[in-house]
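So the structure is just underneath, and the comments pick up after that.
Rule-based calculations on the coordinates, nothing more; no lab input. Keep in mind that what you see is a predicted model, and the values were worked out from it rather than measured. We place every Cβ from the backbone using ideal geometry, glycine too, and count neighbours over all the protein chains shown.
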Amino acid sequence: MGKLAIYGGRPVRDKPFPTWPIFGEEERRNLLEVFESGKWWYGEKVKEFEEKFALFQDAKYGISCTNGTAALEIGLISCGVKPGEEVIVPPYTFIATASSVLKVNAIPVFADIDIKTGNLDPKDTERKITEKTKAIIPVHFAGLPADMDAFLFLAEKYNLKIIEDACHSWGSKWKNKGTGALGDCGAFSFQMSKNITSGEGGILLTDNKEIEEIARSYSNCGRGKDKPWYYHYILGDNLRMTELQAAILLGQLTRLEEQTIKREENAKYLDKNLKDFEGIEIVPRDNRVTRRSYHLYMFRFIKEKWEIEREVFIKALNAERIPVSSGYPIPLYKNPLFQKKVKGPEGCPISCPYYRKKIDYSEVYCPNAERLCEEAVWISHSVLLAEKEDMRDIINAIEKIYKNREQLKIGI
């Protein structure tokens with residue numbers, strides 16, 4: 001093992017991990033077909049992708065759109081979330097989970113996460129339900145499905161809508177049914193970093209025909225199905241996907257199944273070799289998760305066991321040419337958007353006259369979310385497309401750093 005690479009030693013790896021995105025002849029052929037057709041806008045390729053992706057996730061309907069944030073907004077509107085109503089969200093997620101709620105003039109209410117999984121905690125969620133609660137947005141963080149049995153139970157008990165933030169979970173299944181088709185609807189993202197990408201793009205899935213019709217109308221300027229083009233029936237928006245994006249996504253979709261299986265196999269290998277490692281806490285497995293897409297491989301670094309800071313550990317791993325990061329630095333409610341005091345005329349969303357309750361996110365405290373921000377270590381999904389020997393390099397690098405951690409304590 002020898003001297004750590006951060007201090008001039010030889011790194012564990014001398015070759016890079018796979019880069020992202022991965023693309024090939026399928027994307028080139030589809031793009032050329034669309035380009036030469038001159039039909040670049042919201043046509044047959046979009047329809048084909050909507051149908052194929054919905055089928056891939058076991059959903060009846062797919063409504064494509066510009067991005068995952070838009071998909072969440074469309075889902076909230078289609079589920080009837082109104083100004084001044086509350087939507088429960090986790091604080092350990094991308095800003096869009098909560099900002100989409102604000103964009104429809106509703107109120108994000110933060111419930112804590114399960115420290116072991118990073119997903120929204122159903123017990124704390126129930127504690128946060130009030131007479132104003134309309135919906136819950138469980139996030140399938142890093143591709144791990146949230147406890148949908150528990151959330152569907154809460155939805156039935158309190159008459160709530162479930163809008164899945166499935167923007168990390170293309171290919172994941174809960175009890176053999178795809179994410180995004182488990183609640184009332186589910187949003188996916190195809191942004192550049194995602195496991196299936198067209199640079200940007202999104203889709204909303206649902207099994208509910210009424211939600212599908214509202215969502216499609218809203219995303220297409222409020223038009224009605226099979227109605228005259230210049231007749232508009234609801235206050236909609238222009239959130240349509242292009243034929244060029246759909247052409248790329250259809251190519252990406254041809255290899256998503258194989259990539260999902262490979263990521264899961266490599267993640268299982270890492271789990272097996274890290275589960276008993278001192279100071280490393282892996283995400284436990286749930287038998288109800290029958291397939292998991294890994295947007296991230298995440299584990300918790302317990303600094304007390306290593307007697308070094310997480311940031312030092314990450315720098316040392318990076319020096320060994322293992323690409324890891326620390327993820328979200330703060331919970332969402334600590335972002336300036338939520339901490340600022342709104343001044344001037346009242347208006348939705350941060351200061352909402354329809355709400356008539358105090359809104360002060362400076363008083364929010366979710367201990368598990370704060371702790372995960374301090375302990376999480378992320379490995380990108382592209383790393384999991386490497387081979388078993390490459391996964392062994394990750395294990396070897398962690399072992400090397402652990403055995404030589406005294407060097408990090410004294411800085412030699």
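Of note:
- Stokes-Einstein D (µm²/s) once Rh is taken as the Kirkwood radius of the chain over alpha-carbon pairs, at 4 °C in 1.567 mPa s: 58
- Dividing the convex hull volume of the alpha carbon atoms of region 1-141 by its residue count gives 215 Å³ per residue.
- For the chain, the longest principal axis of the C-alpha atoms and the axis of helix 388-403 are separated by about 60°.
- Cα-based helix-to-principal-axis angle, 68-78 vs the chain, degrees rounded to 10: 40
- Checking every one of the GluC sites (Glu not before Pro) in region 122-156 against DSSP loop status and a limit of 14 other Cβ atoms within 10 Å picks out Glu131.
- Using a Förster distance of 25 Å, the FRET efficiency for Arg288-His232 (Cβ separation, nearest 0.05): 0.05
- Checking the Cα-Cα distances for Lys116/Lys400; Lys60/Lys225; Lys82/Lys358; Lys116/Lys157; Lys305/Lys334 against a 20 Å cut-off, the pairs over it are Lys116/Lys400; Lys116/Lys157; Lys305/Lys334.
- Cα-based helix-to-principal-axis angle, 148-158 vs the chain, degrees rounded to 10: 40
- Using a simple spin-label model with pseudo-atoms 7 Å out from Cα toward Cβ, Lys123 and Ile302 lie 1.9 nm apart.
- 10 Å binning of all Cα-Cα separations within region 25-253, expressed as whole percents from 0 upward: 9, 35, 35, 16, 4, 0
- Length available on full extension from Gln339 to Lys116: 0.36 nm per residue minus the Cα-Cα distance, which gives 77.6 nm.
- Estimated at 0.36 nm per residue, the fully extended path between Asn176 and Thr19 surpasses their Cα-Cα distance by 53.5 nm.
- Mean sequence separation of contacting Cα pairs (under 8 Å, at least six apart), scaled by the length of the chain, corresponds to a relative contact order of 23 percent.
- 14 Å reach of a label modelled at Ala150, 7 Å along Cα-to-Cβ, counting backbone N of region 356-377: 368-369
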